[in-house]
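Scroll down for the structure; my scribbles are underneath it.
The values are calculated or read from the model by the stated rules, or taken from the named source; none is laboratory data. Note that the structure is a prediction, hence the values are computed from the model and not measured. Cβ placement follows ideal geometry from the backbone for every residue including glycine, while neighbour counts extend to all protein chains displayed. We work out accessible area using only protein heavy atoms, side chains counted, and drop any ligands, DNA or RNA first. Shrake-Rupley method; radii C 1.70, N 1.55, O 1.52, S 1.80 Å.
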Amino acid sequence: MTLEIISPSEILFKGEAQSVTLPGVLGSFTVLKNHASLISVLKKGEVFYRTPEGTENSVDIKGGLADVDNNVVSVCVY
């Protein structure tokens, strides 16, 4: 699936990911390939993602929104 993590000033990551774990306001959740469509508000925390090569990465966020649709995860953070 494609992951895009975007802040108001820059693109933090854009590429392929095996999994993405997001800090939702109702609790942390993980998105995998073929996940159902959703929109979620995010709270302060870390976005963790694993690349197809198996590398684990994280991005600290203060909050934001996540949109999952058709194997594209778009994360707008501040």
Review point. Residues V77, V41: which one is among the aliphatic types (A, V, I, L, M) and exposed (fewer than 15 other Cβ atoms within 10 Å of the Cβ)?
Key: V41
**Study point:** Members of the range 63-78 that are under 13 Å from L3 (Cα atoms) and not in a strand (DSSP E or B)
**Key:** N70, N71
Review point. Take the residues of the range 44-62 that are open to solvent by 90 Å² or more (accessible area, probe 1.4 Å) and in a loop (DSSP other than H, G, I, E, B): which is farthest from K14 (Cα to Cα)?
Key: K44
Check your understanding: Since H35 meets every condition but one in (1) in contact with a strand residue (DSSP E or B) (Cβ under 6 Å, 6 or more places away or on another chain); (2) in a strand (DSSP E or B); (3) surrounded by 11 or more Cβ atoms within 10 Å (Cβ to Cβ), which condition does it not meet?
Key -> (2)
**Study point:** Considering residues of the range 18-32 that are small (G, A, S) and touching a Ser or Thr at 6+ places or on another chain (Cβ under 8 Å) only, the residue least open to solvent (accessible area, probe 1.4 Å)
**Key:** G24
Check your understanding: In the range 1-17, which residues are under 15 Å from D69 (Cα atoms) and either open to solvent by 70 Å² or more (accessible area, probe 1.4 Å) or free of Cβ contacts under 8 Å to residues at least 24 places away in the same chain (or both)?
Key -> E16
**Study point:** The listed residue being under 17 Å from V77 (Cβ atoms) and over 11 Å from the mean Cα position of the chain (by Cα), out of E10, E53
**Key:** E10
